[in-house]
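See structure below.
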């Protein structure tokens, strides 16, 4: 059971945001004063206030599923507000660390003639350096870095996923792998056996990236978050509970320049 407060019984729960990898921590508040169901999303997470008659074990999951689209939009708005408060204005980084790959890239501004493409970036074949023309505006430079991040993620993440697929579910289990800048999820899996991965996974440590990928691979067999799904996930990743807890705050690992929006 949950704990008591001056406002009624508080019952914590975790909500998978769609097809997952980035759970939202929530609290169900059962209140004698409440006559209807209310949703609040703020920097603390999701709070659902319900009357005492609400049967949370039976009705909470269907209720959240029904309002999931609104919850996701609200989470995005709150995330943006918090970023604007504490992480903006954006500044150009002088180096980029990608823990998922164990890489560190320097960012240098150079004369335009050293970037023959003129409006793009130039990567050294011998050293991990991203060179940008000095005549770029800050927004142009940041836009190029975001493009570079997607390219780097598209080169690195799908092979990692397919290696895990070959180990756990079979080399042909995954149809296609897409890498995108997802807003509220680390990954997702479709009924067509396509898996989407968030390019920002590159800023997470390798064990969390591995967990997210295993999470999506489990959806190939269980397109839900049932007990059977978590039994499968725990068999693949014995540290599932710890990784889920760490993913609740992992969005803070993303540097401001790589977060939404530009």
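Data overview
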{"read-out": "Of the criteria (1) part of a helix (DSSP H, G or I); (2) more than 21 Å from residue 105 (Cα to Cα); (3) out of contact with any helix residue (DSSP H, G or I) (no Cβ under 7 Å at 6 or more places or on another chain), which one residue 251 fails", "value": "(2)"}
{"read-out": "For residue 139: the one exception among (1) under 30 Å from residue 108 (Cα atoms); (2) in contact (Cβ under 8 Å) with a residue 60 or more places away in the chain; (3) part of a helix (DSSP H, G or I); (4) under 20 Å from the mean Cα position of the chain (by Cα)", "value": "(4)"}
{"read-out": "Elements of type strands (runs of 3 or more DSSP E) in the range 1-119, at least 2 residues being at pLDDT 85 or above, over 20 Å from the mean Cα position of the chain (by Cα) and in the same structural domain as residue 248 (by TED's automatic domain parsing)", "value": "103-110"}
{"read-out": "Subset tally (residues that are surrounded by 17 or more Cβ atoms within 10 Å (Cβ to Cβ) and not in a loop (DSSP other than H, G, I, E, B)) for the range 194-229", "value": "21"}
{"read-out": "Subset of the range 121-134 (residues that are surrounded by 13 or more Cβ atoms within 10 Å (Cβ to Cβ) and modelled with pLDDT under 80)", "value": "121, 122, 123"}
{"read-out": "Matching option when the condition is assigned to a strand (DSSP E or B) and surrounded by fewer than 17 Cβ atoms within 10 Å (Cβ to Cβ), among 178, 151", "value": "178"}
{"read-out": "Unmet requirement for residue 201, which otherwise passes all of (1) in contact with a helix residue (DSSP H, G or I) (Cβ under 7 Å, 6 or more places away or on another chain); (2) within 30 Å of residue 107 (Cα to Cα); (3) modelled with pLDDT under 95", "value": "(3)"}
{"read-out": "Top-ranked residue in the range 154-175 [being outside any helix (DSSP H, G or I) and touching a helix residue (DSSP H, G or I) at 6+ places or on another chain (Cβ under 9 Å); ranked as surrounded by the most Cβ atoms within 10 Å (Cβ to Cβ)]", "value": "174"}
{"read-out": "Qualifying position, being in contact with a strand residue (DSSP E or B) (Cβ under 8 Å, 6 or more places away or on another chain), under 25 Å from residue 237 (Cα atoms) and touching a residue at least 12 places away in the same chain (Cβ under 8 Å), among 177, 169", "value": "177"}
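The values are calculated or read from the model by the stated rules, or taken from the named source; none is laboratory data. Please read these numbers as outputs of a predicted model, since none were measured by experiment. Cβ atoms come from the backbone with ideal geometry, glycine included; neighbour counts cover every protein chain shown.
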